[in-house]
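Structure first, commentary second.
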């Protein structure tokens, strides 16, 4: 990747990040950050704003999510935010679609412009996985998404299929279905945070953790991680 392109992508990423942070911090009052009632009022106003035109706000989040993924943004905080804004069901729906499409666009860009460069950098490191993916690219890439990308950073795991020329339809749908379990759990945590802020009279970390909307998805996340470790061992470790 050329220095000019790296610079361009870096600038774009920072501009989106700063715009997002500006929107957030421009909407809050710093001197009230230690006042829990302020968070309750802010969350209530946010809910009213989102519900006043859900379709438009979903569209804006959809576009933001695509650009975020294309520019190699990290995933989990945005998933929690989508749960806070839209709830666990709509939040999961919009984040799965936008992240899957964003990942597909990033893959297409990498495959078209930087295939040889990516292969020279990554092929030796991920060679053992490439052999598996070539056996059944949809099946193994679905498992790969399901287990969280084997610890590979989200931006990088979106580009690994460049190494074996995965079909775009298989890439999109394997990502889409592989994302659903972890995205649903993360969005549920966001929705739980939203519910806690609206209903609690004061903040208590113990009460927050003991809220079903928080501890149940956390337990589900732990269960998913254990299951993912089993799948990783069965399909990736033992196969090699």
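Things worth noting here:
- When each of 184, 93 is scored by the number of other beta-carbon atoms lying within 10 Å, the sequence from fewest to most is 93, 184.
- Rounded to whole Å, sorted largest first: equivalent-ellipsoid semi-axes of region 33-237, Cα gyration tensor: 35, 20, 13
- Footprinting exposure proxy for 115, 145 (fewest neighbouring C-beta atoms within 10 Å first): 115, 145
- Taking a ≥ b ≥ c as the square roots of the Cα gyration tensor eigenvalues, region 46-86 comes out oblate, since a/c reaches at least 1.5 and a/b does not exceed b/c.
- Here the extension length gained between residue 234 and residue 76 equals 54.3 nm, from 0.36 nm per residue of separation less the Cα-Cα distance.
- From most to least packed by mean Cβ count within 10 Å, the peptides 132-138, 159-165, 222-228 give 159-165, 132-138, 222-228.
- Residue order, fewest to most beta carbons within 10 Å, for 49, 129: 49, 129
- Point-to-point label distance, residue 48-residue 113, nm (Cα→Cβ direction, 7 Å offset): 4.4 nm
- Rg over Rh, two decimals, region 138-240 (C-alpha only, Kirkwood Rh): 1.10
- Here the extension length gained between residue 11 and residue 203 equals 65.3 nm, from 0.36 nm per residue of separation less the Cα-Cα distance.
Read-outs throughout are calculated quantities, based only on the coordinates presented, and are distinct from any laboratory measurement. What you see is a predicted model; the values in this text were computed from it and never measured. Note that each Cβ is placed from the backbone with ideal geometry, even for glycine, and that neighbours are counted across all protein chains shown.
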